[in-house]
Structures are given as structure tokens and as C-alpha cells.
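The values are calculated or read from the model by the stated rules, or taken from the named source; none is laboratory data. Source: prediction; values computed, not measured. Positions of Cβ are backbone-derived with ideal geometry, glycine not excepted, and every protein chain shown enters the neighbour counts. When the accessible area is computed, the model is the full protein with side chains, heavy atoms only, and any ligands, DNA or RNA have been set aside. Shrake-Rupley method; radii C 1.70, N 1.55, O 1.52, S 1.80 Å.
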Amino acid sequence: MASSTTTDPSMLADFRSHLQKSRRICALLGAGLSASSGLPTFRGAGGLWRTHDATVLATPQAFRADPSLVWHFYSYRRHMALNAKPNAAHHALAQLAKHKPQFITLSQNVDGLSPRAGHPPEQLKLLHGSLYDLKCTDQRECGYKESNNYTDPIVPSLVIPQGGDVAASDETTTDSSSQIDHTKNLIHGLDISDIKHDIPTIQTSDLPQCPSCQKALLRPGVVWFGESLPEDVMADVDAFFSSAEPIDLMLVVGTSAVVYPAAGYIQFAKHKGARVAVVNPDPSSGNSLDLGPGGKDWFFMEDAAKILPEMLRPVIGDIEGSQ
Ligand code: OAD
């Protein structure tokens, strides 16, 4: 076991023994999974983008009111995520999927790090879409959609302004305690999430345009608050949960589990008999678990990048980047 974890060895052993016996496994992933890669979470420190709550920018209303601002926000996130690297937890989960064919991962993350870690696509359900998908704002008349567009910046007007006060570097480390410093390393230019750096208001004609209808704007292919989750993704998730077979294990990694319907899958899995393992350094995230002597669940109060490779080691073996 890695010397840097503080996890009780008997809890780890109990979890591992259950994991080895488990066949039908589900994971719910959130932004904390990518924290050690330097990407900010939504609700912790760094949850504000300039003066805006990130959850307010992630709405159709915000896009309609100020497409320039919302495109700046998503262009910045695309830029950072492209410069980030998958961490040991992304790799460990990808390996688990390869060893356990009935393991399904429901990810709320749009950053592309799980796909880049080689997570098998058929076992990875991107509930909230991807930063690298684009679609026409006019889905009724036009319906244009595009996947895996990694152009950065997506149009010249969205380039991150350059300045002398932030060093450009693509180094990342796995110490989430100084996430803010790492975040800066992912931005090649000024950190425009900070209100002290001005951003221009971009004219509609200079924002990403739909190449199909040539009339409407393109928008990020992510799910915004108030929108439905992608139908094809939901069909696969429903098939997994509606099976008559029990679910053995539910992993809940790096999520505050407050956004529905995603968070609801924890209860669904419990109803199907799953024991739950939460991985999250926030002590309050273990509140709803059945813990203690005789309890069914486990709470690993640690950085996912450190503890997940340890938790999964008996099944996946050693992975690059884990200690
Ligand atoms: P949140 O920001 O709500 O929660 C991130 C969680 O990660 C918190 O509980 C942190 O304690 C935990 N965390 C932080 N660092 C961690 C680490 N190193 N290892 C493990 N856990 C860590 O993000 P989400 O739960 O992903 O939706 O948010 C859910 C959804 O709300 C997002 O997909 C997004 C957002 O608004 C949309 O945009 C539709």
C-alpha cells in the first residue's frame, strides 16, 4: 500500500475482497476525479469563474443572454482540459473496466480525461456530454452535431490573451492541495477566470458559426441545467439498472452528488443491493453511508488519484503513476 494514504488497512482489505467478488459494478464520477490533474471543481474553492457561479453559466438562459461570455467560459475549460493529463485515478478506472466487463461508468465530467486514459467507450457513459462536442443552437431546424473537435481556440476570437504575469508550462503534478497553482500551469496565457484580466465582448459574427445551416451559432455539446441527458447514453444506463440482476458495488468518486438525475443512481444501485464506496476528501460526503462495525459501505476520505489505484490493485495490478 502507498505510504502516503491514511486509510485504515482493514477497511481497504474488506473493500478489496468485495471488489474481487463483484461482477456488476457501477461508478458515478464527478469533478473531484480530475482535481489532481489541475482542473477546478464546481462547488469548492475555484467554483467561481470571474464573478459568475459556474452553474449559472452552464444554462441555456446564460448563453442566450451573453453568448460571448459563455463561449469564453467553455473555451477556457476546453483549453485547460486539453493541457491537463489524466491522473492515476482515471487510469485505474479504465483498467478496471478492461478487467470487469460488467462495470459501467457514469461520468458527469466533460473534460475528456477518462477517454484519454483509455477507458473503453462502451463502458463509459458521459451523462453531461463533452467539451469537445459541438452542436447547432438550432436543433429543431438544423440539428447539426460534431464530435471530438479539439481545435483550440475554436475560433481566433476566443484565443486566451497573452500576458507577462503567468508562466506558460504544461507540467502537472498529483498534489491536489495546491490545485490553484497547477490550474495556472494549464493555461497558456492569462488566467481569464480571474476578473482582474479583461476579456473582450465578442461580436456574434466572430463566435463559432454552424457550418451546416450557416445561420445559427454553434454551442458546446454539453448538458446544461434544465436540459435532458443524452438519449443514447440514457438507454444504456437504463438497460444496466433495469436488469433483474443485482448490482454488487457502487463507486462514488469525486462528486458532491447534488445534481440529479446523476446523483439518483447511488440510491438505485443501493436498492439493487450494491454496497457503496465513496472516495472524497470532504468528510461530509460520507454522511449518508452505512459505515462503522457491521456497516455495508466504505468511505475513503482521500484524493482519488492516490487511493483509487490502491483500492483496485488486486484486480488491475500496478498502473503507471501509482506508488
Ligand atoms: P462538485 O464541484 O459539485 O463536487 C466535486 C467533489 O469532488 C466535491 O465533493 C469535492 O469534495 C470532491 N473532491 C475534490 N478534490 C478531490 C480529489 N482530489 N479526489 C476526490 N474527490 C475530490 O462537482 P460534481 O459533483 O462533478 O453539471 O458536480 C456535478 C455537476 O454539477 C457537474 O457535472 C456540472 C456541475 O454544475 C453541469 O454542468 C450540468
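Some points to look at:
- Counting only helices (runs of 4 or more DSSP H) wholly contained in region 1-82, the ones carrying 1 or more residues that are away from the ligand (no atom under 11 Å from the Cβ) occupy 9-21, 60-65.
- The residues listed here are Asp232, Asp248, Asp282; of these, the one that is away from the ligand (no atom under 16 Å from the Cβ) and either over 23 Å from Leu312 (Cα atoms) or open to solvent by 50 Å² or more (accessible area, probe 1.4 Å) (or both) is Asp232.
- Residues of region 111-122 include at least one that is more than 16 Å from the ligand (Cβ to nearest atom), assigned to a loop (DSSP other than H, G, I, E, B) and open to solvent by less than 20 Å² (accessible area, probe 1.4 Å).
- Some residue of region 69-89 being within 25 Å of Pro314 (Cβ to Cβ), among the hydrophobic types (A, V, I, L, M, F, W, C) and open to solvent by less than 30 Å² (accessible area, probe 1.4 Å): yes
- Here Asn148 fulfils each of the conditions (1) part of a loop (DSSP other than H, G, I, E, B); (2) in contact with an Asp or Glu (Cβ under 7 Å, 6 or more places away or on another chain); (3) at pLDDT 95 or above apart from (2).
- Members of region 251-269 that are open to solvent by 50 Å² or more (accessible area, probe 1.4 Å), more than 7 Å from the ligand (Cβ to nearest atom) and of a type outside the set (Ser, Thr, Tyr): Pro261, Gln267, Phe268
- Annotation: of all residues in region 90-110 being open to solvent by 10 Å² or more (accessible area, probe 1.4 Å) and among the polar types (S, T, N, Q), the one that is farthest from the ligand (Cβ to nearest atom) is Gln102.
- Hey, Thr59 in contact with a Phe, Trp or Tyr (Cβ under 6 Å, 6 or more places away or on another chain) and among the β-branched types (Val, Ile, Thr) or not: yes
- For region 203-227, filtered to residues that are in contact with a Leu (Cβ under 7 Å, 6 or more places away or on another chain) and in a loop (DSSP other than H, G, I, E, B), the residue that is nearest to the ligand (Cβ to nearest atom) is Val223.
- Within region 292-309, the set of residues being in contact (Cβ under 8 Å) with a residue 12 or more places away in the chain and over 19 Å from Asp282 (Cβ atoms) comprises Lys296, Pro309.
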